[in-house]
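A quick write-up on the structure given underneath.
No lab work stands behind these numbers, since they all come straight from the coordinates. Everything numeric in this text was worked out from a predicted model, so none of it was measured.
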Amino acid sequence: MRTPILGLAMIAIAAPAAADVPTGAPAPNFTLPDAAGKPVSLAAFKGKTVVLEWNNPGCPFVKKHYGSGNMQKTQGAAKAQGVVWLTINSGAPGQQGHMNGAEAAAFVKSARAAPNAYLLDPAGKVGRLYAAKTTPHMYVIDPAGRLVYQGAIDDTPTANVADIASAKNLVLAALGDLKAGRKIAVAESRAYGCSVKYAG
């Protein structure tokens, strides 16, 4: 039986219709510093499939997917296909989840995560550009630079680790369709998790 873990005030479920970048449109370019302070630009990965993952290590929904190893397995499966994985933190200073570069590097190491880069967006400019509303909030960009999937990591919007086993991983499903040259069966879904802790 699924039991509520969080109060409704702590849970955000984003409707795809509210997205600022329509599915199928070009993904806006951006440049953000990684945990070491090196600038990383989306344009540098032109011609490759890219996954964007919004992250807040303090969020129970993020803990569900990282604590179980589900997010790391998804990262590994994606990277095995040659996909570039960029994890983005748009938490503002003083808000839950905000990290400096050293803290971000420590999180990646302790979680045994495998992104190509962990990017810091404390002003929230890139998060707002993509209308990222929850942690996690997932996006898939195809080699042509188009946004082809946006929404949740899976189809089971709970913070219960036990639900992962029966959930459909929508990110891997989208990547599988893309690799096979098929139309992506589920191109949008409702992202779920904690609200992104933007400045202001």
Calculate, in nm to one decimal, what residue 114 and residue 72 gain on full extension: separation in residues at 0.36 nm each, minus their alpha carbon distance. 14.5 nm
If each part is reduced to its alpha-carbon centroid, region 33-62 and region 127-160 end up apart, in Å, by 12 Å
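Can you tell me how the chain classifies by the Cα gyration tensor, rounded, prolate or oblate, using a/c under 1.5 as the rounded cut?
Here the chain falls in the rounded category.
Before rounding to the nearest 500, sum -39500 (n - 2.57) across all DSSP H runs of length at least 4 in the chain and divide by the residue total; then give [θ] at 222 nm in deg cm²/dmol.
-6500 deg cm²/dmol
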Express the relative contact order of the chain as a whole percentage, based on alpha carbon pairs under 8 Å and six or more residues apart in sequence. 32 percent
